[in-house]
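The values are calculated or read from the model by the stated rules, or taken from the named source; none is laboratory data. Computed from a predicted structure; not experimentally measured. Ideal geometry is used to build each Cβ from the backbone, glycine not excepted, and the neighbour counts take in all protein chains shown.
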Amino acid sequence: MNERVTHIYPNIFELYAGAAQNLYGAVKTAITKRGQALIVLSGGGTPVGLFVLLRQHPYLDLIPWEKIHVFWADERCVPPTDSQSNYGEAYKLLLSHVPIPEENIHPIDGTLDPKEAAMRYHQTLVDFIAPGDIAPAFDWVLLGMGADGHTASLFPGQTEPFDPLVLAFPVQANYDGRPAERVSLTSNAINYAHQVAFLVTGKQKAPVLKQVLEGARVPRMLPPQRIQPPGGVVTWFIDQDAASLLA
């Protein structure tokens, strides 16, 4: 049975500090057990402050970056130099500032056709599947949530691949007036994680957050409800604005 933990913070700085500690704990546990950690990053505006915090002391020194492999929950099909590139922004804000080997960074290739990019990323992920598993057992997955309820590039009403062995798939979506071809991890892939961290901030997300956490289960229309790792923990890091409608 998966576990859900909810933290509500008075300000965004404490939220980022809580998320950073969550990441550090997950990475430390994984490296103690297996000698490496697999983490998944996301894009958008919410994680920017977290990325900046992680590249500074004490996390610059505390986290054994050289033993971490980094993946992405989703990507727009744009070059890494584009400001809409999740990989490009994470590299600029975090990864270029910490001692992580380049070969440990595994971006989705946004320069490819989305179908080709998804197939290649699926194969990248397959290389990290432990014997007996059907997906990589990510140690920590960072997710956000849009005001429409999407997470990664899993959108309301969208149909995911029926094959549970498919780990990444192409997506056509229009969010916030920005149409884009994308590649996303499937919810099945994410649900193999040990720890999932949702970062949600802002009053504009309060209505859908209430639906996700306190409303009826309609995972087709509320994609964050699809994220229920059977052997993992989902932790919600929420600021007071986003939490303003919660009971």
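Go through (1) of a type outside the set (Phe, Trp, Tyr); (2) more than 19 Å from the chain's Cα centre (by Cα); (3) on the phi > 0 side of the Ramachandran plot; (4) modelled with pLDDT of 95 or more one by one and return the number of the condition Leu246 breaks.
So the condition that Leu246 fails would be (3).
Being over 15 Å from the mean Cα position of the chain (by Cα), closer than 27 Å to Ile129 by Cβ and in a loop (DSSP other than H, G, I, E, B) is the filter here; which residues of segment 29-59 pass it?
If the condition is that a residue be over 15 Å from the mean Cα position of the chain (by Cα), closer than 27 Å to Ile129 by Cβ and in a loop (DSSP other than H, G, I, E, B), then Gly35, Gln36 are the ones that fit.
Quickly run through segment 115-162 and pick out the residues that are among the acidic types (Asp, Glu), closer than 18 Å to Ser42 by Cβ and either out of contact with any strand residue (DSSP E or B) (no Cβ under 6 Å at 6 or more places or on another chain) or not in a loop (DSSP other than H, G, I, E, B) (or both).
The answer is Asp148, Glu160.
For segment 195-211, give me the residue count where each residue is within 27 Å of Ser85 (Cβ to Cβ) and of a type outside the set (Ser, Thr, Tyr).
Total satisfying the criteria: 11.
Among the candidates Met119, Met221, Met145, which residue alone is within 18 Å of Asn2 (Cβ to Cβ) and of a type in the set (A, V, I, L, M)?
Met145
Are any residues in segment 164-183 over 17 Å from Ala73 (Cβ atoms) and modelled with pLDDT of 95 or more, and if so, which ones?
The answer is Leu165, and nothing else.
Any residue in segment 13-28 that is within 17 Å of Phe128 (Cβ to Cβ) and either touching a Phe, Trp or Tyr at 6+ places or on another chain (Cβ under 8 Å) or β-branched (Val, Ile, Thr) (or both)?
The answer is yes; a qualifying residue exists.
Looking at this structure, is Ala130 among the aliphatic types (A, V, I, L, M) and exposed (fewer than 13 other Cβ atoms within 10 Å of the Cβ)?
Yes.
Filter segment 213-236 down to residues that are crowded, with 20+ Cβ neighbours inside 10 Å and either over 20 Å from Ala19 (Cα atoms) or among the charged types (D, E, K, R) (or both), then give me how many there are.
2
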